[in-house]
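As structure tokens, the structure follows; a few thoughts come after it.
The values are calculated or read from the model by the stated rules, or taken from the named source; none is laboratory data. Not measured: the values here are computed from a predicted model. Note that we place each Cβ from the backbone using ideal geometry, even for glycine, and neighbour counts take in every protein chain shown. With ligands, DNA and RNA removed, areas are computed over all heavy atoms of the protein, side chains included. Shrake-Rupley method; radii C 1.70, N 1.55, O 1.52, S 1.80 Å.
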Amino acid sequence: MAQFEQNIEALIFASEQGIRMEEIMYCLQAALNTEIDESAVIKAISNVTKKYEADAFAIELVKINNGYQFLTKKMFHPVISQLQLQRSKKKLSQAALETLAIIAYKQPVTKLEVEQIRGVNCDYSIQKLLEKELITITGKAETVGKPLLYATSNLFADYMGINSLKDLPAMNELNDPANTIGNQQE
């Protein structure tokens, strides 16, 4: 049983993003050449989760976006923040964030629709979001010219730290005066 748990632990560790239960079961069945009981996988994941709750570990097993992923424990975030500052990973520009927000709330959406909302050309922002794999092309619209349709990717939820699009604030919450900062000029 310990090696079964270690196989699951290795799968989660090796996955660049959260790995879903279906993927874990598929990999185990293919590698071990045997049928795998989902309840056994759930029990093994629970055991691995408990193992990493110990103070001896700086990481923990977290369920995020319907998948499992090893993350650094919150108490180590200050030191990790320093590493991220050191490496100065480029963040999304204001234009890219605006474009991403429109796509998240209006998806699937065409580039033209995004540009009509933003009022500016969005070629560069959409290109960067595609490169960062935060959005995907989901098909073509049934309108003249059949423009591409864009939607958020699975990586979007990981990047934003949410489990699903349902975790995004509702549009009416965004317009609530209680959510503003500072004095509004008229």
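Taking the listed residues 16, 5, the one that is free of Cβ contacts under 8 Å to residues at least 60 places away in the same chain, assigned to a helix (DSSP H, G or I) and acidic (Asp, Glu) is 5, with no other qualifying. The set of residues in the stretch 144-173 that are of a type in the set (Val, Ile, Thr) and touching a residue at least 12 places away in the same chain (Cβ under 8 Å) comprises 152, 162. For residue 104, the test of being touching a residue at least 60 places away in the same chain (Cβ under 8 Å) and either in contact with a helix residue (DSSP H, G or I) (Cβ under 9 Å, 6 or more places away or on another chain) or in a strand (DSSP E or B) (or both) is passed. When residue 98 is tested against (1) closer than 30 Å to residue 122 by Cβ; (2) at pLDDT 90 or above; (3) open to solvent by less than 50 Å² (accessible area, probe 1.4 Å), exactly one condition is not met: (3).
Residue 79 falls short on exactly one of the conditions (1) under 24 Å from residue 127 (Cβ atoms); (2) aliphatic (A, V, I, L, M); (3) open to solvent by 50 Å² or more (accessible area, probe 1.4 Å), and that condition is (1).
Could you tell me whether residue 71 is touching a residue at least 24 places away in the same chain (Cβ under 8 Å), under 22 Å from residue 166 (Cβ atoms), touching a strand residue (DSSP E or B) at 6+ places or on another chain (Cβ under 9 Å) and open to solvent by less than 80 Å² (accessible area, probe 1.4 Å)? No: the conditions fail for residue 71.
Rundown of residues vs (1) in contact with a strand residue (DSSP E or B) (Cβ under 8 Å, 6 or more places away or on another chain); (2) outside any strand (DSSP E or B); (3) among the β-branched types (Val, Ile, Thr); (4) at pLDDT below 90, yes/no style:
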residue: 82; (1), (2), (3), (4): no, yes, no, yes
residue: 85; (1), (2), (3), (4): no, yes, no, yes
residue: 124; (1), (2), (3), (4): no, yes, no, no
residue: 129; (1), (2), (3), (4): yes, yes, no, no
residue: 185; (1), (2), (3), (4): no, yes, no, yes
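One residue stands out in the stretch 131-148 among those that are small (Gly, Ala, Ser) and assigned to a loop (DSSP other than H, G, I, E, B): the one that is surrounded by the most Cβ atoms within 10 Å (Cβ to Cβ), namely 141.
All conditions in (1) more than 22 Å from residue 155 (Cβ to Cβ); (2) free of Cβ contacts under 8 Å to residues at least 24 places away in the same chain; (3) not small (Gly, Ala, Ser) hold for residue 120, with the sole exception of (2). Evaluated against (1) acidic (Asp, Glu); (2) surrounded by fewer than 14 Cβ atoms within 10 Å (Cβ to Cβ); (3) part of a helix (DSSP H, G or I), residue 55 falls short on exactly one condition, (3). For residues in the stretch 2-27 being under 20 Å from residue 133 (Cα atoms) and out of contact with any helix residue (DSSP H, G or I) (no Cβ under 9 Å at 6 or more places or on another chain), which is most open to solvent (accessible area, probe 1.4 Å)? Step by step, filter the stretch 2-27, then rank; the result is 16.
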